[in-house]
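Asker: Below is a structure I'd like to ask you about.
Computed from the coordinates by the stated procedures, all read-outs in this text should not be read as laboratory data. For clarity, every value in this text was computed on a predicted model and none was experimentally measured. For neighbour counting, all protein chains shown are included, and Cβ atoms are generated from backbone atoms with ideal geometry for every residue, glycine included.
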Amino acid sequence: MLTAFLTSFVAAFVTLFIVIDPVMVTPIFASLTRHDEPKRQRMIALSAAIIAAGVLTFFAFFGQFMLHHLGITMAAFRAAGGLLLFLMGFRMFFDPDEEMDAKRPGPKASSRDNIAFYPIALPLLAGPGAIATVMLLMGDNRERFADSVNQMAAMAGVLASVYVTLIVGFVFMSFAARISSALGRTGMNMISRLLGMLLMALSTQYIFDGIRVGVLERVGS
């Protein structure tokens with residue numbers, strides 16, 4: 001049980017950290033909250049993390065039910081989700097500035113009353129990539145473990161990784177100005193490229209697994 005939890009947690013944390021990418025979110029958050037006091041910035045960061053946790057938890061539990069209702073197999077979603085993550089990783093590796101621009105909201109976003117919800121929680125923290133990743137990880141663990149005890153432990157590991165990743169994101173956002181200044185544009189691009197390379201490798205495995213399982217299911221039927 002503990003082994004299933006830890007294995008699931010480590011794999012999910014690495015993947016989610018790359019997809020959510022708190023390093024990339026940090027300068028955007030600093031730009032949006034540059035006129036706010038530090039206490040206000042921390043409250044916005046905390047609210048955004050809580051909202052993102054709620055959104056990702058919802059899709060973790062009910063995402064597969066929605067797919068089933070729409071007639072989409074988990075194998076097809078795994079392949080499609082892997083392709084989406086591959087494109088994100090490709091852009092992070094070859095053009096990190098473009099990835100930052102893709103995540104950056106419109107010029108009017110900072111004038112909204114509640115920027116914790118949009119654009120920080122959605123789509124910066126709980127964007128399509130993060131939602132797809134959580135659904136894929138939960139689906140994989142349902143299929144990987146036959147007994148319910150290890151299955152629940154593995155799924156708990158995924159949820160724990162979601163919350164830990166968002167806690168890390170909250171810490172990064174709380175010190176957004178200092179981190180952005182310390183790393184600089186070159187340092188952030190370097191980290192983004194490393195994470196992008198890892199994400200492309202992980203997403204390629206998702207695509208292969210989705211195609212393999214889909215083909216096997218079709219041949220078996």
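Asker: Averaging sequence separations of C-alpha pairs under 8 Å and six or more residues apart, then dividing by the length of the chain, give the relative contact order as a whole percent. Please report the intermediate quantities before stating the final value.
Answerer: Details: 263 pairs, mean separation 106.7, N = 221.
Computed over the chain, the figure is 48 percent.
Asker: Taking every pair of distinct Cα atoms and averaging 1/r, then inverting, what Kirkwood hydrodynamic radius in Å comes out for the stretch 2-215? Please report the intermediate quantities before stating the final value.
Answerer: Numbers: mean 1/r = 0.0568 Å⁻¹.
One decimal place: 17.6 Å for the Kirkwood radius.
Asker: Further question: Sorted by average packing, counted as other Cβ atoms within 10 angstrom per residue and highest first, what order do 128-139, 46-57 take?
Answerer: 128-139, 46-57
Asker: How long is the gain from residue 198 to residue 42 if the chain were fully straight, where each residue apart is worth 0.36 nm and the alpha carbon distance is subtracted?
Answerer: The residue 198-residue 42 span can extend by a further 53.2 nm.
Asker: Sticking with this structure for a sec: Please find the FRET efficiency linking residue 67 to residue 190, where r is the Cβ-Cβ separation and R0 is fixed at 45 Å, and quote it to the nearest 0.05.
Answerer: Calculated transfer efficiency: 0.75.
Asker: When you count, for each residue, the other Cβ atoms within 10 Å and take the mean per peptide, how do 165-178, 144-157 rank with the highest first?
Answerer: 165-178, 144-157
Asker: Per the helix-only calculation at 222 nm, which mean residue ellipticity applies to the chain, given -39500 (n - 2.57) for every DSSP H run of n ≥ 4 and division by its residues, nearest 500 deg cm²/dmol?
Answerer: Rounded to the nearest 500, the figure is -28500 deg cm²/dmol.
Asker: Return the FRET efficiency for the residue pair residue 215, residue 3: r is the Cβ-Cβ distance, R0 is 25 Å, and the value is rounded to the nearest 0.05.
Answerer: Once the sixth-power term is evaluated, E becomes 0.25.
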